[in-house]
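Below: one structure, written as structure tokens.
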């Protein structure tokens, strides 16, 4: 049977290209400090379990913030929320410079997470101006901007950091991250046009995690939220312990970890810009999600069975390739399943599910690391992606059945 011809693709609006450049700058600042955080925490005499708590603190804040900001952007527009959240990043990076103890750093990361949960708002903006059939590709472009930010960010962070200077050696990357976030905020103010009209002033205001019951009852979105929760727990566990594992196994420091993530970030950028949209249109978003999370799990397992430093970036690249396939496809599937006036809300719930995983995943990984060894969080993460892939396939079946019912 001959496959039906794909519909003609519409040009990418200029507003999206502007937003992508803002996302790139903002994510470069964010990614700049991520590989350094374990070493920054250790410079404050933090134990492994405290390092992972610092990672989780940001996600605790995001858990509360993402649904709020996503819902608020549905009501008042995307642009005001983007301005507020990017400027919150500036304050968070600068405050971390002056953290005197690990617990101050934990608190600052929590409040930064509260202010900076804007990913669902950005995804909502893209969904506002994109036809449903092209959302996987456009979400892929958004992911590519994220990926390129992760290419530049870790490289700058690794080059600016000085492991031999204690906490002060990590101040220059934090200043650089604050400057990049400020530049992103300025870009939003000057160049990003609003994509959504304000709701009526007397429109009812919904509570925290509003829409959760609706998402739970939705046959597709409920399954996809579970995929996000389970898969992101595996990813967050790896992310929070990777620097500790690489340091223990191979003697790596902040510079090597940062440059490793910079190199493999190229893989994510290329995948999301050129590949994920095409695969989504050909095979469906759910199948792409399942394949991506399984590939990520395989990379985690393989990291535990080799003893060659040159394989670290190769296998990390394989895992990042899988993640780069999965994340935009999850967002596209949710946006195609949600009604237009619920885009930000449902994408916000998806980010909240991811944030909940980022709370629990690093804490569990830290406990496993301390109790059983450096490789155990990787092995457990590899096992977690199996049920996530099965749920993604099931969600795809339900989505296709719902689409056929609506068409008929």
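Just so it is clear, none of the values below were taken in a lab; they were calculated from the coordinates. This one's a predicted model, so the numbers in the text were calculated from it and none came from an experiment. All Cβ positions, even for glycine, are placed from backbone atoms using ideal geometry, and neighbour counts span all protein chains on display.
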Relative contact order for the chain: what percent, with Cα pairs under 8 Å and sequence separation of 6 or more?
28 percent
Between residue 310 and residue 341, 0.36 nm times their residue separation minus their Cα-Cα distance comes to what?
6.3 nm
Most to least packed among 319-325, 72-78 [average Cβ atoms within 10 Å]
319-325, 72-78
Quick calc: nm separation of the 7 Å Cα→Cβ label points for residue 383 and residue 249 -> 1.8 nm
Given the Cα-Cα distance of residue 405 and residue 193 and 0.36 nm per residue of separation, how much length would full extension add, in nm?
72.7 nm
C-alpha long axis of helix 135-160 to longest principal axis of the chain, angle in °:
10 degrees
Okay, helix-only estimate at 222 nm for the chain: each DSSP H run of n ≥ 4 adds -39500 (n - 2.57), divide by all residues, round to 500 deg cm²/dmol; what do you get?
-26500 deg cm²/dmol
Given R₀ = 30 Å, FRET efficiency for residue 49-residue 14 by Cβ-Cβ distance, to 0.05?
0.05
If you take the square roots of the eigenvalues of the alpha-carbon gyration tensor of region 244-300 and sort them as a ≥ b ≥ c, do you get rounded (a/c under 1.5), prolate (a/b over b/c) or oblate?
oblate
Per residue, how big is the convex hull of region 280-399 when only Cα atoms are used? Give it in Å³.
102 Å³
In nm, to one decimal, how far is the residue 76 label point from the residue 21 one, both placed 7 Å along Cα→Cβ?
2.7 nm
Roughly how tilted is helix 221-250, in degrees to the nearest 10 and between 0 and 90, from the longest Cα axis of the chain?
20 degrees
Suppose we take every Cα in region 220-343 and form the convex hull; what volume per residue is that in Å³?
111 Å³
Using the C-alpha atoms of the chain, what convex hull volume per residue, in cubic angstrom, is computed?
133 Å³
In degrees rounded to 10, the 0-90 angle between helix 376-407 Cα long axis and the longest Cα principal axis of the chain is 10 degrees
If the chain between residue 104 and residue 164 were fully stretched, how many nm would it gain, using 0.36 nm times the residue separation less the Cα-Cα distance?
19.4 nm
